[in-house]
Amino acid sequence: MKKKVRLLLVALLLLPVSVWGQTVDHMAQCYSVRYVKEHLLMQSGDDFNVIDTDIEWPEIANFNKPVALQYFLSQMMFGYSTTNLDSAYQQFKSGLGSQVTFQLRTLPDDRRFCYVNMSARLKSYSPGQYLCYSISCESVPESMSPVKAKKDVAYVIYDIAKGRVLTTEKVLNQRLIHEGNVYQSFYVTLFEPLSDDEFNAMADASIEGVWLDKANDSVGFKVSVRTSQRQIDYETMLPYQNVRYLITKAGRRLMEKKTKKAVPILEMLPNKWEGDSIYSLVDQMPQFEGGQEGLKRYQSHVVPPSNSAKGRVVVALTLSKTGKVKDIRVVSPLTPEIDRHAAEAVRGMPDFQPGLDHGKPVVVRMYLPINYKSE
């Protein structure tokens, strides 16, 4: 029987607190992933671009900045080699026009639209060892759009200890598969998600990506199958021991070696938001609208993932001078699915009563523990 998961927003840090003095947020972090999600309409002359962004940007991994992974993600998604997400993302958006924040006077020509989708999502991670990502960048222009069509997909593993990005070719021995030097059971389990009709109609198949899942002792595969009628893309998990012979030495090391203790470097979250200092303690801390009761009401409308891990996630949220939730990070993770849910739960929060220092509104960062309990 599946267990239901109950979400508990811990209200302790959301209660109003009166203090004397102020403290800029300088808290050191072991881990931080920033969650950026936007739906934008951009205009460039007579052309329009719809941008959908869903990025889980790695900031800190095992006390260090994952520089190589940041460069890889930035180059693939935005075309700029940088570790600064904001600057690369802003340049990318500027190339697609100016954001439309007003009502258009006339109905735009649908043929001049382009739909741009960018996604970088955590698939799995092992503390101190690796981060696994799936990245997708797609541009779908209509007939009169000047934007070129594009579709790039990649699955990468960031080796934290060595500070390097491993592509599928560096983790999976594709040569053995191409030459047919695999156990028959591999094909049986790899194509198990297909129906009998789809399997019988298969004309070609390829493995587009892999990722590791040490917690469940398994390996994930992104499979693309082409039939005479259509293309089928899916993901499936296989037991690690069954496919170990297909995993390279670099991949086996991440799955089988123990985590080495890292030398802590005092990495901190940014302490500025749009030019203003971010405080962690002020005279009057921000307050959730309605206090404890308001938080309980909000919590009752948030549905957690069913049959998932239980534990605690800590989310760092930045509150603007008007009390809006503006910047979201997970600094103490549980699983990618739960972390993503926690970030969305915080993103959906209504405006807070803003933090005050000497009677004036200020930007405040708060840390919200969220418990996921099974019932």
statement: By residue number, the members of region 330-364 that are among the polar types (S, T, N, Q) and either more than 30 Å from Ser134 (Cβ to Cβ) or crowded, with 22+ Cβ neighbours inside 10 Å (or both) are Gln353
field: Hits in region 317-375 - residues which are closer than 14 Å to Ser277 by Cα and assigned to a loop (DSSP other than H, G, I, E, B)
entry: Ser320, Lys321
- prompt: In region 62-85, how many residues are within 18 Å of Val116 (Cβ to Cβ) and without any contact (Cβ under 8 Å) to a residue 12 or more places away in the chain?
  reply: 1
query: Picking from Lys321, Lys373, Lys310, which residue would you name as being modelled with pLDDT of 95 or more, surrounded by fewer than 19 Cβ atoms within 10 Å (Cβ to Cβ) and touching a strand residue (DSSP E or B) at 6+ places or on another chain (Cβ under 8 Å)?
result: Lys321
message: Regarding region 33-45, can at least one residue be identified that is farther than 29 Å from Tyr133 by Cβ, assigned to a strand (DSSP E or B), outside the structural domain of Val331 (by TED's automatic domain parsing) and modelled with pLDDT of 70 or more?
response: yes
statement: Gly290 passes all but one of the listed conditions (1) modelled with pLDDT under 90; (2) surrounded by fewer than 20 Cβ atoms within 10 Å (Cβ to Cβ); (3) at negative phi; the exception is number (3)
Helices (runs of 4 or more DSSP H) contained entirely in region 211-307, each with at least 1 residues that are within 30 Å of Asp159 (Cα to Cα): 240-243, 249-256
field: Matching entry among Val303, Val243 (being of a type outside the set (Phe, Trp, Tyr) and within 21 Å of the chain's Cα centre (by Cα))
entry: Val303
Matching entry among Lys162, Lys150 (being in contact with a Cys (Cβ under 7 Å, 6 or more places away or on another chain) and assigned by TED's automatic domain parsing to the domain that holds Met77): Lys150
- line: All conditions in (1) over 17 Å from Ile247 (Cα atoms); (2) over 24 Å from the mean Cα position of the chain (by Cα) are true of Gly180 except (1)
- prompt: When region 42-61 is examined, which residues are found to be over 23 Å from the mean Cα position of the chain (by Cα), charged (D, E, K, R) and crowded, with 20+ Cβ neighbours inside 10 Å?
  reply: Asp47
- prompt: Does Ser145 satisfy being surrounded by 17 or more Cβ atoms within 10 Å (Cβ to Cβ), assigned to a strand (DSSP E or B) and among the polar types (S, T, N, Q)?
  reply: no
task: Please verify whether region 194-208 includes one or more residues that are of a type outside the set (A, V, I, L, M, F, W, C), under 22 Å from the mean Cα position of the chain (by Cα) and within 30 Å of Gly163 (Cβ to Cβ).
output: yes
field: Meets criteria (assigned by TED's automatic domain parsing to the domain that holds Glu274 and free of Cβ contacts under 8 Å to residues at least 24 places away in the same chain) for Lys360
entry: yes
task: Answer yes or no: is there a residue in region 363-373 that is in contact (Cβ under 8 Å) with a residue 40 or more places away in the chain, over 30 Å from Asp217 (Cα atoms) and more than 21 Å from the chain's Cα centre (by Cα).
output: yes
- prompt: Of all residues in region 185-224 being touching a residue at least 60 places away in the same chain (Cβ under 8 Å) and of a type outside the set (Phe, Trp, Tyr), which is surrounded by the fewest Cβ atoms within 10 Å (Cβ to Cβ)?
  reply: Ala215
query: For region 173-215, how many residues are touching a Lys or Arg at 6+ places or on another chain (Cβ under 9 Å) and among the hydroxyl-bearing types (Ser, Thr, Tyr)?
result: 1
- prompt: Among the listed residues Pro336, Pro304, Pro286, Pro354, which satisfies the condition of being within 15 Å of Val33 (Cβ to Cβ), touching a Leu at 6+ places or on another chain (Cβ under 7 Å) and in contact (Cβ under 8 Å) with a residue 40 or more places away in the chain?
  reply: Pro336
- request: Find all pairs meeting these conditions: Cβ atoms under 7 angstrom apart; at least six residues apart or on different chains; first residue within region 124-153 and at positive phi; second residue of a type in the set (Gly, Ala, Ser).
  value: Gly128/Ala262
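The values are calculated or read from the model by the stated rules, or taken from the named source; none is laboratory data. Being a predicted model, the structure only gives us computed values, none of them experimental. Every residue, glycine as well, gets a Cβ built from its backbone with ideal geometry; the counts of neighbours run over all protein chains shown.
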